[in-house]
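Undergrad: One structure is given below, represented as structure tokens, and several questions about it will come after.
The values are calculated or read from the model by the stated rules, or taken from the named source; none is laboratory data. Treat the numbers as computed from the prediction; the structure is a model and nothing was measured. Using ideal geometry, Cβ is built from the backbone for each residue, glycine included, and neighbour counts are taken over all protein chains shown.
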């Protein structure tokens, strides 16, 4: 593990969870029925063909419901949300210094995607900006990314957890995979202490405290 990367648990490392769905309105309804909280519109991602709605999860963490944006003609998001019939977690983001991640990844011989500059205009017109880095690995699947992408928010951007609708809190976050030791070792290289659980398929699961009690989402 690089000297610039302090170790943290899954919950401590988590910036946000991405819940993929084929239609954003349907995803918002699904989450509200499960949790009792209605996510608020976040905005569109120009050039990716997606838009989102957000829900705060306590601390500096949030849930992102992400779906195709019908107002964009091209769809370039790395996972095909258009084919999803039910909402499910497709990826997650870890809050990290992306420059430090690059150094660790390069030293360990990982292929790197990025750094990429991202932005999104909120409904009030304010623009959020961030930098992302992803690490190429053998654990991700076409339908779900178990190794997170790493994100650094611009200093002048309000973190989405601060102005998203609250009422829910993350109790625990779990990663399931057919190769728990291998995945756990890879995550630890990037400062994430994760007791990966064995599962027949790669899967992300979150347990939340909500106005409707404790719920599981995955």
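Undergrad: Go through the stretch 60-76 and give me each residue that's surrounded by fewer than 19 Cβ atoms within 10 Å (Cβ to Cβ) and within 15 Å of the chain's Cα centre (by Cα).
TA: Once the filter is applied, which keeps residues that are surrounded by fewer than 19 Cβ atoms within 10 Å (Cβ to Cβ) and within 15 Å of the chain's Cα centre (by Cα), the stretch 60-76 yields only 60.
Undergrad: Restricting to the stretch 125-143, give me the number of residues that are touching a residue at least 40 places away in the same chain (Cβ under 8 Å), in contact with a strand residue (DSSP E or B) (Cβ under 9 Å, 6 or more places away or on another chain) and in a loop (DSSP other than H, G, I, E, B).
TA: Residues in the stretch 125-143 being touching a residue at least 40 places away in the same chain (Cβ under 8 Å), in contact with a strand residue (DSSP E or B) (Cβ under 9 Å, 6 or more places away or on another chain) and in a loop (DSSP other than H, G, I, E, B): 3 in total.
Undergrad: Based on this model, can you work out whether residue 184 counts as surrounded by 14 or more Cβ atoms within 10 Å (Cβ to Cβ) and farther than 24 Å from residue 28 by Cα?
TA: yes
Undergrad: Of all residues in the stretch 147-179, which are at pLDDT 90 or above, over 14 Å from residue 15 (Cα atoms) and either in contact with a helix residue (DSSP H, G or I) (Cβ under 6 Å, 6 or more places away or on another chain) or not in a strand (DSSP E or B) (or both)?
TA: Of everything in the stretch 147-179, those that are at pLDDT 90 or above, over 14 Å from residue 15 (Cα atoms) and either in contact with a helix residue (DSSP H, G or I) (Cβ under 6 Å, 6 or more places away or on another chain) or not in a strand (DSSP E or B) (or both) turn out to be 166, 167, 168, 177, 178, 179.
Undergrad: Let me ask something additional. Looking only at the stretch 88-98, count every residue that is in a loop (DSSP other than H, G, I, E, B) and over 14 Å from the mean Cα position of the chain (by Cα) and tell me the total.
TA: Qualifying residue count for the region: 1.
Undergrad: Going by what's in this entry, would residue 87 be described as surrounded by fewer than 21 Cβ atoms within 10 Å (Cβ to Cβ), in contact (Cβ under 8 Å) with a residue 24 or more places away in the chain, touching a strand residue (DSSP E or B) at 6+ places or on another chain (Cβ under 9 Å) and under 22 Å from residue 164 (Cβ atoms)?
TA: Answer is no for this residue.
Undergrad: So, one more: Take the residues in the stretch 32-48 that are crowded, with 20+ Cβ neighbours inside 10 Å and under 17 Å from the mean Cα position of the chain (by Cα), then tell me which one is farthest from residue 123 (Cα to Cα).
TA: Across the stretch 32-48, the extreme among qualifying residues is 39.
Undergrad: Ok, one more. May I ask you to verify whether residue 17 is in contact (Cβ under 8 Å) with a residue 24 or more places away in the chain, touching a strand residue (DSSP E or B) at 6+ places or on another chain (Cβ under 7 Å), surrounded by 16 or more Cβ atoms within 10 Å (Cβ to Cβ) and not in a strand (DSSP E or B)?
TA: no
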